[in-house]
Amino acid sequence: QEQIDVALAQAKAIRAFTYLYITRIWGDAPLNITVENVTPLPRTSKMELWEQAEKDLLEAIPDLPTEYLTNGWQAPGSL
């Protein structure tokens with residue numbers, strides 16, 4: 001379960017970053033937060049996208065690890 005929680009937190013952080021980047025380039029954009037969507041989505045305001053990005057990041061924080069280990073090796077400068 002812990003690995004699932006970390007994976008979901010990472011996905012939310014990546015989604016937040018992606019929408020922040022999208023709004024930087026294009027402004028308003030479709031917001032898709034459902035798994036299944038086959039219909040075209042309307043554009044969502046930049047402010048609503050930022051609010052969703054903030055929500056995603058705040059939800060992700062508790063489940064994100066403070067350090068990542070690879071084969072027992074700790075990256076320099078990690079917490």
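Give me the percent of the accessible area of the chain that comes from carbon and sulfur atoms, probe 1.4 Å, all protein chains in place. Could you put the intermediate results ahead of the total?
On the way: 3830 of 6370 Å².
Carbon and sulfur: 60 percent of the exposed surface of the chain.
Tilt of helix 2-26 relative to the longest C-alpha principal axis of the chain, in degrees (0 to 90, nearest 10)?
40 degrees
Near Ile25, within a Cβ-to-Cβ distance under 15 Å, what is the net charge of the other residues, with Lys and Arg +1 and Asp and Glu -1?
Charge balance near Ile25 sits at +2.
With a 1.4 Å probe and all protein chains left in place, how much accessible area per residue does segment 1-60 have, in Å²?
77 Å²
Grab the other residues whose beta carbon is less than 15 angstrom from that of Ile4, score K and R as +1, D and E as -1, and report the net. It would help to have the intermediate numbers written out before the result.
Numbers: positive: Lys12; negative: Glu2, Asp5, Glu59, Asp63.
Residues close to Ile4 contribute a combined charge of -3.
The values are calculated or read from the model by the stated rules, or taken from the named source; none is laboratory data. Quick caveat, the model's predicted, so the values are computed rather than measured. Every residue, glycine as well, gets a Cβ built from its backbone with ideal geometry; the counts of neighbours run over all protein chains shown. Calculation scope for accessible area: heavy atoms of the full protein, side chains included, ligands and nucleic acids excluded. Shrake-Rupley method; radii C 1.70, N 1.55, O 1.52, S 1.80 Å.
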